[in-house]
């Protein structure tokens with residue numbers, strides 16, 4: 001039997017690498033949940049990469065993401081499939097989720113915009129999102145792809161994810177507050193709670 005590390009901290013860094021190849025995208029995602037907020041990304045979708053930087057920075061995650069997608073069609077498959085692969089990487093890195101807080105939430109403002117994200121690494125996937133973006137596109141990025149990314153993530157990470165943009169006029173601000181709040185909520189949820197003593201935060205004994 002391995003002794004638990006002091007104060008409920010992980011015995012080793014929680015990392016994972018996922019490769020996902022389809023007829024539409026070729027993706028490799030590496031994640032370190034105990035990182036420093038560093039991002040190395042190449043997707044061919046600049047605004048999306050800017051949003052992934054928010055997740056890494058505010059989530060204190062180290063992320064390396066490579067995606068070669070069918071951008072000649074549009075950005076849809078790239079954005080959705082990165083969400084899928086990132087969710088798979090989270091699920092692998094979290095393992096049995098022993099000792100983590102499990103729940104996380106954050107409110108994040110950006111000037112006039114305000115968003116709230118609540119996450120539960122429950123083992124039960126679901127996305128519940130309300131966001132009325134004021135524009136259909138930001139540059140070439142379609143704002144409806146925001147929900148596609150988070151749906152892919154929630155499904156594969158087996159997480160319940162509630163996302164609400166509470167107010168906003170500038171669509172860039174609306175989307176950015178969502179991604180920042182997501183990073184902050186994730187950071188809280190995957191953090192270790194020393195009071196758990198390495199137990200799983202569920203009366204079922206499993207997540």
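Read-outs: derived from the displayed coordinates by stated rules, not from any lab. What you see is a predicted model, and the numbers here were worked out from it, not measured in a lab. A quick note on method: Cβ atoms are made from the backbone with ideal geometry, for glycine too, and the neighbour counts reach across all protein chains shown.
For the range 183-203, what are the residues that are out of contact with any helix residue (DSSP H, G or I) (no Cβ under 9 Å at 6 or more places or on another chain) and in a helix (DSSP H, G or I)?
188, 189
Name the residues in the range 83-117 that are surrounded by fewer than 20 Cβ atoms within 10 Å (Cβ to Cβ) and farther than 13 Å from residue 207 by Cβ, would you?
Those that are surrounded by fewer than 20 Cβ atoms within 10 Å (Cβ to Cβ) and farther than 13 Å from residue 207 by Cβ: 92, 105, 107, 109, 110, 111, 112, 114, 116.
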